[in-house]
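S.K.: Take a look at the following structure, please.
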Amino acid sequence: MRPAVYIPNFNGSQVIGRALRSLREQSRPLDVVVVDNGSGDGTPALLHDEFPEVTVLSLERNIGFGPALNHAVREHRADPLIFLNSDVECEPRFVEALLDAAAEGVQSVAGVLLQERAPELIDSAGVVADRTLMGFDYLHGEPRAAASTAPNPLGPTGGAALYDRRAFEAVDGFDERIFLYYEDLDLALRMAAGGARCRLAPDAAALHAYSTGLGAASARKFAHTGWSRGYMLRRYGVMSDPRQAARVLATEGAICAGQLLMDRTPAGLRGRLRGWRDGGGGPALNTGEAELLEISTREALALRRRRRG
């Protein structure tokens, strides 16, 4: 099987064309699959008319980022699997660099997303997390050259990732309960717990328009990120450790207070409570061999502020 790029889309008609045109210019042959989450903006017709080489899988409703990719992987078999956001523009060697990094013993590869407004700076080069499983975009704000010498991240960001198909299927892919956000971190943790390795591909670069879907500081985004955060805290049993529980209460309290004061929305707090409720039942997941950051509460909040800024 040859590799395939899978792109989840929801009302992305204004941005997805740029991504698909950049894939036409790739230095390696590949299949392109767009899974459309019930868009109402004419995206399927656009794809049919302007990109006949693309396989389009149309869903009746928006089932979320990870679930849509799981569906596409089941429907269109390929190996390896390359996941891409709809709001990116790939450099011509993007796919080639991912494939070159996917050597034996490597189960996932992290591409490098660059900031659209400052292409010399990194938006995300994968995902990392601290002991409370607060996730961060790896190397965010660092110069592009930093990716050439940086250690490998915990896992790829879902917007620029390569996975070995067998490794992806061994952990049942993305958690179907996570609608949006943190699904890539959860997958990275579950894969790392079983000994899977991720490699950073510094030359697999793409421009990224950050948060074009819900907006970088919208109530809807806070609700989704909050749910995912609460869900993962419960699923991984983070609060069972009194030291980590105290830290979680401090950091999450500060974040929610900031959203209430600055953005005038309790959506993040409500999302966390719903996620915590929904994450109950069953044994806690184990992070196993996952390498987690040893940083302070102050450092964690500083990284969060830097991302938002």
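S.K.: Among the residues of segment 60-119, write down those that are out of contact with any strand residue (DSSP E or B) (no Cβ under 7 Å at 6 or more places or on another chain), at pLDDT 95 or above and of a type in the set (A, V, I, L, M).
M.R.: 99, 118
S.K.: For residues in segment 231-276 being in contact (Cβ under 8 Å) with a residue 24 or more places away in the chain and of a type in the set (Lys, Arg), which is nearest to residue 185 (Cα to Cα)?
M.R.: Here the residue is 235.
S.K.: Consider segment 128-160. How many of its residues are closer than 17 Å to residue 116 by Cα and in a loop (DSSP other than H, G, I, E, B)?
M.R.: Total satisfying the criteria: 7.
S.K.: Exactly one of these conditions fails for residue 46: (1) of a type in the set (A, V, I, L, M); (2) in contact (Cβ under 8 Å) with a residue 24 or more places away in the chain; (3) farther than 14 Å from residue 162 by Cα; (4) not in a helix (DSSP H, G or I). Give me its number.
M.R.: So residue 46 meets the others, but not (4).
S.K.: Here is a follow-up. Just to verify a result, which residue in segment 247-283, among those that are of a type in the set (A, V, I, L, M) and closer than 15 Å to residue 224 by Cβ, is surrounded by the most Cβ atoms within 10 Å (Cβ to Cβ)?
M.R.: Looking at residues that are of a type in the set (A, V, I, L, M) and closer than 15 Å to residue 224 by Cβ, I get 255.
S.K.: How many residues does segment 296-309 hold that are over 18 Å from residue 253 (Cβ atoms) and touching a residue at least 24 places away in the same chain (Cβ under 8 Å)?
M.R.: Total satisfying the criteria: 2.
S.K.: Could I ask something else about it? Just one of the numbered conditions (1) more than 21 Å from residue 124 (Cβ to Cβ); (2) under 22 Å from the mean Cα position of the chain (by Cα); (3) not in a loop (DSSP other than H, G, I, E, B) is not true of residue 249; which one?
M.R.: (2)
S.K.: Next up: Of the residues that sit in segment 68-85 and are in contact with a Lys or Arg (Cβ under 9 Å, 6 or more places away or on another chain) and not in a loop (DSSP other than H, G, I, E, B), which one is farthest from residue 114 (Cα to Cα)?
M.R.: Top of the filtered list is 73.
S.K.: Here's another thing I want to ask about it. Which of the following residues is over 21 Å from residue 25 (Cα atoms) and in contact (Cβ under 8 Å) with a residue 24 or more places away in the chain: 92, 156?
M.R.: Exactly one of 92, 156 is over 21 Å from residue 25 (Cα atoms) and in contact (Cβ under 8 Å) with a residue 24 or more places away in the chain, namely 156.
The values are calculated or read from the model by the stated rules, or taken from the named source; none is laboratory data. The structure displayed is predicted, hence computed values, not measured ones. Here the Cβ is made from the backbone with ideal geometry for all residues, glycine too, and neighbour counts use every protein chain on show.
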